[in-house]
Amino acid sequence: MVLTRGGGRYRVRTLSGDREASLRGRVKERDDHRVLVGDRVRLAVDGEQVTIEEVLPRHSVLQRRSPGQNKGTRHIAANLDQVIVVGSAADPTWEPAMIDRFLAVAEVNHLPVHLVINKIDLHPAWEELAAPYRAVGYDVFGTSTVTGAGVDTLRQHLAGHVSLFTGPTGVGKSSLGNAVDPNLTLRTGEVSERSRAGRHTTVTAEMHPLTDGGFLVDTPGLRDIGLWGLTPPEVASAFPEIAKYAEGCKFDDCRHDTEPGCAVRAAVDTGAVAASRYTSFRRLLAEALEAARWWA
Ligand code: GDP
Ligand code: ZN
């Protein structure tokens with residue numbers, strides 16, 4: 001399995017230890033996604049020379065589209081089993097709009113996604129924050145790296161899987177990784193995402209093997225989810241509960257705004273769809289429509 005990549009070199013975990021490998025021939029920019037972190041590969045070993053011979057079929061790929069820069073798609077990591085969206089109950093304040101963005105990106109990538117509410121030591125009433133997400137069907141774990149609450153449960157959930165932590169800066173993703181597996185040494189603290197983004201033009205992902213089996217993927221450059229370009233149909237499909245009610249709308253192309261016979265708005269009125277989720281949906285859809293205009 002490819003653990004890291006950079007400068008045309010790949011760190012690959014094999015049954016007989018980690019090896020540094022390269023690709024045969026010159027790798028062009030457009031071949032950027034030929035080998036991804038998380039890929040299962042077959043190596044050819046010739047003395048000191050280790051070459052990636054073959055990439056085995058992927059069961060998932062996490063992609064990021066950047067509408068502004070080169071309109072290209074960046075492939076972040078392959079073979080993820082699940083995305084763990086992490087938010088904090090306080091400090092920074094719980095922000096549903098932000099959480100819903102992260103969830104939507106995972107949904108669009110067709111990856112199973114779960115939610116962690118960290119720092120519950122700072123906000124004992126965290127279950128209230130979880131309720132709208134449990135109603136949608138998401139698993140929600142409350143954790144604290146300070147009291148240790150929920151850490152065992154999260155560890156069990158990660159064991160044997162390839163998982164990605166994602167979420168806003170400062171919510172405790174790195175701290176959680178270190179709490180779940182004391183062998184990890186993820187950097188925590190107040191690293192400015194802006195300066196980080198300035199240094200790295202590409203998104204890099206790193207696979208960290210977990211002691212209990214499985215891997216945790218860390219992606220320092222991935223956190224600015226605002227740059228993810230979702231299309232309007234993707235936004236519509238990224239909110240499972242809204243997609244469900246949308247089937248009952250009078251018009252097929254209903255934007256669930258002011259159209260008559262909108263089943264989604266009716267569900268918001270009865271509380272069947274959480275108002276905060278509907279607000280997030282409307283905001284992401286407006287952004288996607290705006291971006292679609294730009295692309296046209
Ligand atoms: P990241 O940016 O999401 O990786 O967040 P970090 O892991 O760097 O943590 C940001 C800050 O939150 C650090 O000062 C941590 O010590 C603190 N922190 C992390 N987890 C918790 C927690 O469960 N409770 C409290 N009170 N603080 C936490
Ligand atoms: Zn509608």
Only one residue in D91, D121 is outside any loop (DSSP other than H, G, I, E, B) and either open to solvent by 40 Å² or more (accessible area, probe 1.4 Å) or within 19 Å of G177 (Cα to Cα) (or both). Which one?
-> D121
How about region 125-150: which of its residues are in a loop (DSSP other than H, G, I, E, B) and either open to solvent by less than 30 Å² (accessible area, probe 1.4 Å) or not hydrophobic (A, V, I, L, M, F, W, C) (or both)?
-> G137, Y138, D139, T143, S144, T145, T147, G148, G150
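Residues are listed down the side, and each one gets a yes or a no for (1) at pLDDT 90 or above; (2) over 28 Å from L158 (Cβ atoms); (3) surrounded by 18 or more Cβ atoms within 10 Å (Cβ to Cβ):
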| residue | (1), (2), (3) |
| --- | --- |
| R40 | yes, no, no |
| V45 | yes, yes, no |
| Q49 | yes, yes, no |
| R58 | yes, no, no |
| P67 | no, yes, yes |
| K71 | no, yes, no |
| A77 | yes, no, yes |
Lone qualifier among V140, V162 - being among the β-branched types (V, I, T) and farther than 19 Å from D212 by Cα | V140
Filter result (surrounded by 19 or more Cβ atoms within 10 Å (Cβ to Cβ) and within 10 Å of ligand 2 (Cβ to nearest atom)) within region 239-253 | I242, Y245, A246, C249
Filtering region 169-203 for residues that are at pLDDT 85 or above, among the aliphatic types (A, V, I, L, M) and either within 16 Å of ligand 2 (Cβ to nearest atom) or in a loop (DSSP other than H, G, I, E, B) (or both) leaves a count of 3
Would it be correct to say that P96 is farther than 23 Å from L186 by Cα, touching a residue at least 12 places away in the same chain (Cβ under 8 Å) and buried (at least 17 other Cβ atoms within 10 Å of the Cβ)?
-> yes
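The values are calculated or read from the model by the stated rules, or taken from the named source; none is laboratory data. Since the model is a prediction, treat every value here as computed from it, not as a measurement. Backbone-built Cβ (ideal geometry, glycine too); neighbour counts: all protein chains shown. The accessibility values were calculated without ligands, DNA or RNA, using every heavy atom of the protein model including side chains. Shrake-Rupley method; radii C 1.70, N 1.55, O 1.52, S 1.80 Å.
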